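Here is the structure we will look at, set down as structure tokens.
A short reminder: the numbers here are calculations on the coordinates, not readings from a lab. No experiment lies behind these values; they were computed from the predicted model shown. All Cβ positions, glycine included, derive from the backbone under ideal geometry; neighbour counts span all protein chains shown.
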Amino acid sequence: KAGVTQTPRYLIKTRGQQVTLSCSPISGHRSVSWYQQTPGQGLQFLFEYFSETQRNKGNFPGRFSGRQFSNSRSEMNVSTLELGDSALYLCASSLAGGYSPLHFGNGTRLTVT
Amino acid sequence: DQQVKQNSPSLSVQEGRISILNCDYTNSMFDYFLWYKKYPAEGPTFLISISSIKDKNEDGRFTVFLNKSAKHLSLHIVPSQPGDSAVYFCAASENDGNQFYFGTGTSLTVIP
């Protein structure tokens, strides 16, 4: 069974631009979550989607948004990029979203210059 | 406000010995806990989980212990192997598992 696929793997953007990251979950997984990893901060929760509905959102500004499609694939968008948005963005999928482990993709490394 | 803490940034262990990684949490509502291993340039890989109704869960060389009164969990790796060298994260969630809180990780080095 294929794992979680994230594209692209690397991205370089300029401050003020916007970016869209893509995630394909494991087949059969209906819950998709997004996390941001920065040095020394661990993984910070961005949001979680289940059946195209956002069920939970972390403490990030409104510049960070996401959506989930009917095939469970998900996208994350960051508008008006800031230098501090440089991070590894990780997507994870799980079977039911509750009491099921998260399975992560390899992430998208975003660099904002 | 870090609700899940891994106070040891790094740990070195001889091959064949036991590795013990620790994790503390502050939210008494957490009832589902996970451990992940992460290699550079890869996403975290799920290792083992435990729910609050248990105090121990084993999977091969990996055992997780949960002490709810102390709000503490630990991961034991026995015997440790050089391939276990990686960063280990603990994570916790409450109720529905929609949102996980992660620790900042412990870098384990297993010395051959």
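Could you grab me the full set of residues in the range B:60-71 that are touching a Leu at 6+ places or on another chain (Cβ under 8 Å) and either in a loop (DSSP other than H, G, I, E, B) or surrounded by 13 or more Cβ atoms within 10 Å (Cβ to Cβ) (or both)? Listed by number, the residues that qualify are B:Phe62, B:Thr63, B:Val64, B:Phe65, B:Leu66.
Sub-6 Å Cβ pairs linking a first residue in the range B:17-31 that is assigned to a loop (DSSP other than H, G, I, E, B) to a second residue that is crowded, with 17+ Cβ neighbours inside 10 Å, at least 6 apart or interchain, are B:Arg17/B:Ser80; B:Met29/B:Glu94, ordered by first then second residue.
The residue of the range A:31-62 that is surrounded by the fewest Cβ atoms within 10 Å (Cβ to Cβ), among those that are outside any loop (DSSP other than H, G, I, E, B) and small (Gly, Ala, Ser), is A:Gly42.
Have a look at A:Gly3, A:Gly28 and point out the one that is in contact (Cβ under 8 Å) with a residue 40 or more places away in the chain, out of contact with any Ser or Thr (no Cβ under 7 Å at 6 or more places or on another chain), facing another protein chain (nearest Cβ under 9 Å) and not in a strand (DSSP E or B). Reasoning before the result, please.
Values: A:Gly28 fails: facing another protein chain (nearest Cβ under 9 Å).
The conditions single out A:Gly3.
Can you find, within the range B:32-59, the residue that is nearest to the chain's Cα centre (by Cα) among those that are not aliphatic (A, V, I, L, M) and not in a strand (DSSP E or B)? Here the answer is B:Pro44. A:Ser33 passes every criterion in (1) small (Gly, Ala, Ser); (2) facing chain B (nearest Cβ under 8 Å); (3) more than 15 Å from B:Gly43 (Cβ to Cβ) apart from (3).
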